[in-house]
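This report refers to the structure that appears directly beneath it.
The values are calculated or read from the model by the stated rules, or taken from the named source; none is laboratory data. Small disclaimer: the values here were computed from a predicted structure and weren't measured. Positions of Cβ are backbone-derived with ideal geometry, glycine not excepted, and every protein chain shown enters the neighbour counts. Protein only, heavy atoms only, side chains kept; ligands, DNA and RNA dropped before computing areas. Shrake-Rupley method; radii C 1.70, N 1.55, O 1.52, S 1.80 Å.
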Amino acid sequence: MAKPVEQLERVIIRFAGDSGDGMQLTGGRFTSETALMGNDLSTLPDFPAEIRAPAGSLPGVSGFQIHFSDHDILTPGDAPNVLVAMNPAALRTNLNDLPPGGTLIVNTDAFTDRNLQKAGYTSNPLDDGTVDDYLVQRVPLTSLTQEALKGVGITSREAERSKNMFALGLMSWLYTRPTEGTLAYIAKKFAKRPEIAEANARAFRAGYAFGETSEGFATQYEVAPAEMPPGTYRNITGNQALGLGLVAASVQSKLPLFLSAYPITPASDVLHDLARHKSFGVRTFQAEDEIAAVGAALGASFGGSLGVCTSSGPGIALKQETIGLAVALELPLLILDIQRAGPSTGMPTKPEQADLLMVMFGRNAESPVPVIAASTPGGCFDAAIEATRIALKYRTPVFLLSDAYLANGSEPWLLPDVESLPDISVEFATQPPVEGAFMPYLRDPDTLARQWAIPGTPGLEHRIGGLEKEDVTGNVSYDPDNHDHMVRLRARKVAGIAADIPELAVDDPDGDAELLVLGWGGTYGPIQSAARRIRREGKKVAHAHLTHLNPFPRNTAAVLAHYPKVLIPEMNLGQLLKLVRAEFLVDAHGYNRVRGLPFRSDELAEAMKAML
Amino acid sequence: MSEHPGDKSTNGNGEQPLVQLTAKDFKSDQEVRWCPGCGDYAILAAVQSFMPELGIARERIVFVSGIGCAARFPYYMQTYGLHSIHGRAPAIATGLSTSRPDLSVWVVTGDGDALSIGGNHLIHVLRRNVNVKILLVNTQIYGLTKGQYSPTSPLGTKNKSTPMGSLDWPFNPVSIALGAEATFVARSIDTDKKHLTEVLRRAANHPGTAFVEIYQNCNVYNDGAFDAVKEQTENQIRLEHGQPVRFGAEGEKGVVLRSDGACELVDVATVGEEALLIHDEHQQEGSLAFALSRISHTPHGPTPIGIFRDVERPVYDQLMAEQLETAKAEGAGELAGLLNSGDTWQITKG
């Protein structure tokens with residue numbers, strides 16, 4: 001007997017459980033099913049830095065939120081409509097986010113006295129009125145899974161571990177997701193252990209069947225495919241897009257990629273991805289420390305490779321001396337900073353935007369470095385190519401900023417046409433000078449980029465280094481006027497990039513908004529979403545989002561001057577705000593939160609309204 | 001002009017191209033600015049006159065250095081050169097060498113640069129066996145910062161930062177290199193051009209990392225630090241592969257290996273020549289080389305010089321290149337294919 005199917009425009013589901021419950025895997029599979037359905041989607045994994053905090057404890061809770069819809073969406077959603085809580089700790093840490101009336105699906109088997117105690121509950125919240133305001137679905141997930149797996153020939157403990165697949169099956173039925181992809185995934189992942197593959201597949205099917213037959217689930221839901229531009233799509237995280245973008249940058253620049261890194265959360269996945277792309281001539285180097293990683297990348301750049309290093313804030317702090325050397329050497333170098341909450345070790349898995357001033361100014365002396373920030377997971381691909389373009393064309397280190405939210409969050413990504421990617425190749429110097437020595441600091445008059453001769457080129461042997469250079473000859477120089485000239489020249493070279501980047505685009509539908517909201521980096525989705533929300537309420541707001549932070553786009557001053565009020569939301573205490581005030585003398589206001597979580601659209605909407 | 005680097009000739013068997021250059025070809029147009037009397041002059045001269053032997057074109061040679069007096073070395077070589085930052089030369093050279101296996105990459109460093117601020121990079125380049133040649137110029141003092149004790153200064157060194165004597169037990173660079181799994185470890189002396197050249201020759205021919213400690217006199221801040229070995233040649237224990245280890249003006253002294261694994265200095269007449277330790281550069285375990293390195297923790301008495309260890313182990317650069325070749329053999333990367341990999345779906349115009 002088929003159950004009624006209700007159409008929904010959008011749904012936000014949060015899976016929450018113990019670190020060992022496989023919530024990231026469950027969320028990831030549900031995301032893949034949803035992507036194949038053609039919904040627009042956005043995800044937010046939220047997990048602890050501890051690999052396995054004590055089972056059942058509050059710090060051990062791992063969550064995965066997915067927002068999917070039949071229309072264009074920008075964020076993983078402020079609050080879930082549905083919370084799947086695999087144990088009391090997951091319930092306790094997530095229930096506050098579930099609005100009254102929301103659906104709560106709980107694994108009742110996990111609500112034992114011991115687990116309740118670990119979560120700090122003195123009575124069972126399922127019975128004491130705590131969940132009265134919600135639509136509660138009580139499912140004994142563990143025992144149902146164990147029952148379904150009788151006869152598979154695995155231990156009771158192994159059977160219990162398949163309960164996430166039961167939950168995934170149930171949710172797949174509830175939201176009419178396709179199942180073939182997950183079944184194929186299970187078969188492949190556990191190919192070497194057929195009994196585990198069988199257990200997971202059976203648990204998944206049992207969960208699906210439970211939805212079909214259980215009286216508790218009266219309705220099935222459908223979310224129609226979203227209207228999106230035609231083309232081929234895949235679901236992608238920011239870190240995956242960075243990896244692909246770097247390979248594309250290598251292909252489009254015709255330079256071999258040398259990527260070095262010291263493992264650090266949340267950047268390590270970029271190293272992992274590129275280590276699998278050796279067929280593109282990609283060399284990956286896991287260095288002994290952060291300093292060696294950037295040093296090796298710079299050494300590779302000197303040799304004519306595309307030198308790249310990936311890290312996060314604490315690692316960047318260690319790399320800064322070498323980045324200053326790259327400024328003096330005027331060699332291309334790409335540094336990826338996947339920002340996380342700090343200071344110090346901070347909260348390694350949580351996003352923040354507080355490295356902006358460090359990458360701008362965190363080196364000794366006048367040491368200008370171009371800075372680019374990706375705005376969306378898919379946008380990380382384009383940002384990698386753009387950052388490489390600037391590094392190569394201007395012979396300069398370039399910072400590319402992402403953050404833990406973009407790194408791990410995902411969205412559907414329209415695959416670019418390879419033919420349309422820009423040619424970012426460079427020319428090495430190859431001709432020996434007619435007379436005299438090679439002049440390594442002879443410059444292109446337009447870009448001010450010095451000529452780049454790589455070892456192996458006869459007749460162009462030369463020495464460069466961190467001591468101040470005489471312009472043109474590159475000889476060591478302590479001449480006062482030369483130093484003043486070189487300091488200004490390096491600054492002018494970076495400032496001049498403004499002529500070579502797109503103007504700052506402003507989203508101001510009616511063109512007469514009084515308030516400009518200026519953002520940068522990973523806050524694009526929440527800011528744009530908030531702007532759309534208050535526009536629906538009849539209010540006017542303009543949104544501009546910076547990808548290039550150093551130099552700023554050449555029309556930035558004009559854009560700022562056009563609006564009487566400027567609001568700058570940032571996940572820091574006002575770093576872009578300081579730059580904008582200092583550079584443009586604008587009385588901009590900040591909206592600043594550093595909670596280790598992306599902005600919610602509703603809080604930004606309130607902040608915007610407060611300015612109107 | 002036969003000296004022109006582009007003018008390649010072939011060697012005797014007509015296969016390998018050889019470039020015929022002279023020491024003069026390796027002198028850059030830069031004025032050498034070390035203190036008068038500095039041992040660096042002798043090392044530079046030895047390197048410049050040895051370089052032509054390599055038969056490698058100047059454009060394929062790169063000198064990389066960090067910070068310190070000796071770090072100025074690349075400026076004076078008419079090759080490619082990179083004068084980097086303190087302690088990081090091995091890391092930079094690793095990136096260069098592994099991405100450009102066609103180059104001959106040399107690192108010139110000092111006791112502070114290599115063993116203090118850059119200690120981590122040194123031990124890791126050695127264990128990886130990257131194809132770089134490291135010349136560690138040991139002065140037992142910080143020269144460029146004007147005379148503080150270094151990680152090789154003897155305990156109790158009195159200087160500007162240690163008026164009551166240094167408290168740090170010194171490193172023995174050869175022991176460090178051996179402990180870090182180096183495949184080639186040697187020691188020589190700045191002013192002994194013949195010995196230094198022979199050591200450089202062996203280092204250059206070694207596949208993988210070659211580590212050479214060079215005793216160098218800093219006549220301004222630590223004059224005579226190595227005189228006990230440099231001037232009193234009877235204290236030089238010259239290591240020769242396959243030969244009994246002996247020294248002294250008439251070779252009357254020797255080295256025996258005790259049952260506890262340590263080396264002991266003896267009179268040959270007392271113990272007999274057959275009791276002496278036979279030097280074996282190729283001993284895989286490295287225990288003999290290590291025992292020899294412990295004879296003189298600081299060079300104030302009989303001290304071994306020469307090649308302590310020379311063994312073969314896979315070279316990092318080659319291993320990395322092989323992985324790339326293996327991956328490419330399964331199909332060279334193709335960008336559109338990569339972007340389309342994984343679960344994709346089509347959206348057609350509705």
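Just so you know, the averaged projected area of the alpha carbon convex hull for region A:5-223 sits at 11.6 nm².
Report summary: the helix-based calculation at 222 nm, which adds -39500 (n - 2.57) for every DSSP H run with n ≥ 4 and divides by the residues of chain A, gives -11000 deg cm²/dmol. In the complete set of protein chains, residue-level accessible area for A:E147 is approximately 110 Å², probe 1.4 angstrom. Over the residues of chain B, the helix contribution to mean residue ellipticity at 222 nm works out to -7500 deg cm²/dmol, using -39500 (n - 2.57) for each DSSP H run of at least 4. Under the simplified labelling scheme, the A:S425-A:K189 pair shows an inter-label distance of 4.3 nm, with each label point 7 Å from Cα along Cα→Cβ.
Just so you know, the Cα atoms of chain B work out to an Rg and Dmax of 23.1, 101 Å.
For region A:307-395, the gyration tensor built on C-alpha atoms gives an oblate shape. Its axis ratio a/c (a ≥ b ≥ c) is at least 1.5, and a/b is not larger than b/c. Nonpolar atom fraction for the protein assembly as shown, defined as the carbon and sulfur part of the 1.4 Å probe accessible area, stands at 51 percent.
Look at the stretch A:460-471: the mean tally of other chain Cβ atoms within 10 Å of its residues' Cβ atoms is 6.
Output the antiparallel fraction of DSSP beta bridges having both residues in the protein assembly as shown, as a percent to the nearest 5. Spell out each step's value before the answer.
Working: 52 of 137 bridges.
Antiparallel bridges make up about 40 percent of those DSSP assigns within the protein assembly as shown.
Just the number, please: percent antiparallel of the DSSP beta bridges in chain B, rounded to the nearest 5. Antiparallel: roughly 40 percent of the beta bridges in chain B.
Computing Rg and the Kirkwood Rh from the Cα coordinates of region A:234-420 gives a ratio, Rg/Rh, of 0.93. Computed over chain A, the P(r) curve from all C-alpha pair distances, binned at 10 Å from the origin, holds 3, 16, 24, 24, 17, 10, 5, 2, 0, 0 percent per bin.
May I ask what percent, to the nearest 5, of DSSP beta bridges between residues of region A:506-611 are antiparallel? Walk me through the numbers before you get to the answer.
Details: 2 of 14 bridges.
Of those bridges, close to 15 percent are antiparallel.
A simple packing score, the average count of other Cβ atoms within 10 Å per residue, orders the peptides B:163-173, A:382-392, B:215-225 as A:382-392, B:215-225, B:163-173, with the highest score first. Excluding ligands, DNA and RNA, the accessible surface per residue across the protein assembly as shown is 39 Å² with a 1.4 Å probe.
Between A:W413 and A:R234, A:N235, A:I236, the built amide H atoms are under 5 Å apart, and every one of these is 5 or more places off in sequence or on another chain. Summary value for chain B: 14 percent relative contact order, contacts being C-alpha pairs under 8 angstrom separated by 6+ residues.
The C-alpha atoms of region A:10-79 occupy a region whose extents along the principal axes are 40, 22, 15 Å, arranged from largest to smallest.
Please compute, over every Cα-Cα pair in region A:1-48, the percentage with a separation greater than 17 angstrom. Value for region A:1-48 (Cα pairs over 17 Å): 45 percent.
Between rounded, prolate and oblate, where does region A:111-179 land on the alpha carbon gyration tensor, with a ≥ b ≥ c its root eigenvalues, rounded for a/c under 1.5, else prolate if a/b exceeds b/c? Taking the square roots of the gyration eigenvalues as a ≥ b ≥ c, region A:111-179 is oblate. Computed over the alpha-carbon pairs of region B:91-151, the distance histogram in 10 Å steps reads 22, 48, 23, 7 percent, short to long. In whole Å, how far is the Cα centre of region A:101-135 from that of region A:397-459? What the calculation gives is 57 Å, centre to centre. Partner lysines whose Cα lies under 20 Å from the Cα of A:K150, excluding those fewer than 8 positions away in the same chain, are identified as A:K163. Specify the longest stretch of chain A that does not include any exposed loop site, a site being one of the chymotrypsin sites (Phe, Trp or Tyr not before Pro) with a non-H, G, I, E, B DSSP assignment and at most 13 other Cβ atoms within 10 Å. Longest stretch, sites excluded: A:1-427. Does region B:207-292 come out rounded, prolate or oblate by the C-alpha gyration tensor, with a ≥ b ≥ c the root eigenvalues, rounded set by a/c under 1.5 and, if not, prolate when a/b is larger than b/c and oblate if not? Here region B:207-292 falls in the oblate category. Sorted from greatest to least, the principal axis extents spanned by the alpha carbons of region A:514-560 come out as 35, 23, 8 Å. Measuring nothing but how far apart in sequence close Cα pairs (under 8 Å, 6+ apart) lie, relative to its length, region A:234-420 scores a relative contact order of 29 percent. When the P(r) is computed for region A:506-611, the part past 16 Å accounts for 52% of the Cα-Cα pairs.
When only Cα pairs under 8 Å and 6 or more residues apart are kept, what is the percent relative contact order across region A:320-406? Before the final figure, lay out the partial values.
Numbers: 153 pairs, mean separation 37.8, N = 87.
43 percent.
Counted over region A:348-507 with a bin width of 5 Å, the fraction of Cα pairs per bin, in whole percents, is 1, 7, 13, 17, 17, 15, 11, 8, 6, 3, 1, 0.
Taking each of B:K133/B:K194; A:K393/A:K578; B:K193/B:K230; A:K393/A:K469; B:K27/B:K133; A:K319/B:K146 in turn, the alpha-carbon distance tops 22 angstrom for A:K393/A:K578; A:K319/B:K146.
Over all Cα atoms in region A:207-325, the spread is summed up by Rg and Dmax: 21.1, 68 Å.
The alpha carbon centroids of region B:183-232 and region A:147-168 are separated by 67 Å.
Helix B:193-205 and the long axis of chain B differ in direction by around 30°, with both axes built from C-alpha atoms.
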